[in-house]
Amino acid sequence: MAVTIKEVALRAQVSRSAVSRTFTDGASVSTKMRKKVIKAANELGYAPNILARSLTTRRTKLIGLVSNNFDNPFFLKVFDLFTSGLQDVGLRPLLVNLTSETDPAQAAHMLRQYSVDGVIVASSELPAIFSKAFKEVNIPIIESFGMISEDTSDMHCVSIDNKQCGRMAARLLIKKGYTNIGFMGGPENVSVSRGRFEGFKEVLKSHPEIQASYSYAESHTFAAGRKEMLRLLKSPTAQAYYCGDDVISIGAISAIQSTGLSVPEDIGIMGLDDIEIAGWENINLTTIHQPIQQIISSTIELMEAILEEPDRYPENRLFPCYVVERGTLKNQ
């Protein structure tokens, strides 16, 4: 049986209200009283019932961490940092997998059943209609690692400038001397893919001498990147490709090498994210570094602020990225 407040109060020889105040954030209790209660609680192995307390405070401190990117190594790192970061500030992450969920209303209903205090959508692929559904049932929400668009302009968003990343990639490929370059993005209907493509295409408008092609992988996965590159290899290819992310890029490299070609001698490849595997010696991927830790820390800070001020005006925070040159593009 779980130890009760009554038992702790008897052991510490104090009132039950004194025990309750000791374990309530911000409650008034003397240092002497607190030490007595904590000592008794430790001796008995008492731990406060957070769920029971939430009935009184109307705050569960549960934060829904929602995604559908569970097959992407980049987001496994994101989930690791988010869960530990939320716990460090006294919030409790509830990891929610919406990979097979197609009904935004059902997803919102599920999160309301869990009485989450807020939702962080940590995804590059989840349609904006899900975020809107959460917002419509008055759950504070932050879009993290997504793309600010007309559909999410009235929501809090912490991410990178995907258009700027597209510009950076195009400029680097041109600087490297490539005259025929390709964009091989993630799913075409995903906002981050569109943003990266728009930035890439924008630079090429000023370079009519550069030949360009555009295609999309089915998902942000190794298999999808490999499949799309194998398709492209059936026809004359570009000299170099800017891919939707590092995982797609690594799939593309695998496809190129499996057909007897080499990177960067025959085809150059460039990614985005700078995940750990991108720096492995056998990968050595030139990519664009995304500041994961800064984005996550900023998202958690913003969530804390929203919980204190639910009517806070929607805020967009964009973090700059930078190129990490390794060995998958030729030298100038």
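Values in this text are rule-based calculations from the coordinates and carry no lab data. In this text the structure is predicted, and so the values were computed from the model without any measurement. With ideal geometry, Cβ positions are generated from the backbone for all residues, glycine too; neighbour counts draw on all protein chains shown.
Points to keep in mind about this one:
- Of (1) 49, 20, 17; (2) 34, 21, 18; (3) 44, 21, 16, the label for semi-axes √(5λ) of the Cα gyration tensor in Å derived from the coordinates: (1)
- When only Cα pairs below 8 angstrom with a gap of at least 6 residues are kept, region 5-48 shows a relative contact order of 40 percent.
- Cα shape, region 162-290, gyration tensor, a/c 1.5 rule: rounded
- Comparing SER15, SER254, SER193 in a Gaussian network model of the chain, where Cα atoms under 10 Å apart are tied by springs, the biggest mean-square fluctuation is seen for SER15.
- For the chain, a simple Cβ point-charge model (Lys and Arg +1, Asp and Glu -1, everything else neutral) yields a dipole of about 1280 debye relative to the Cα centre.
- Calculated [θ] (222 nm, deg cm²/dmol) that DSSP helices of n ≥ 4 give over the chain, each run adding -39,500 (n - 2.57): -13000 deg cm²/dmol
- In terms of other Cβ atoms within 10 Å, TYR322, TYR313, TYR241 run from fewest to most in the order TYR313, TYR322, TYR241.
- Highest-MSF residue in the chain out of GLU43, GLU209, GLU198 [GNM, Cα springs under 10 Å]: GLU43
- Local electrostatic count, GLY166, Cβ distance below 11 Å [Lys/Arg +1, Asp/Glu -1]: +3
- Sorted by Cβ density within 10 Å, fewest first, the residues ILE174, ILE181: ILE174, ILE181
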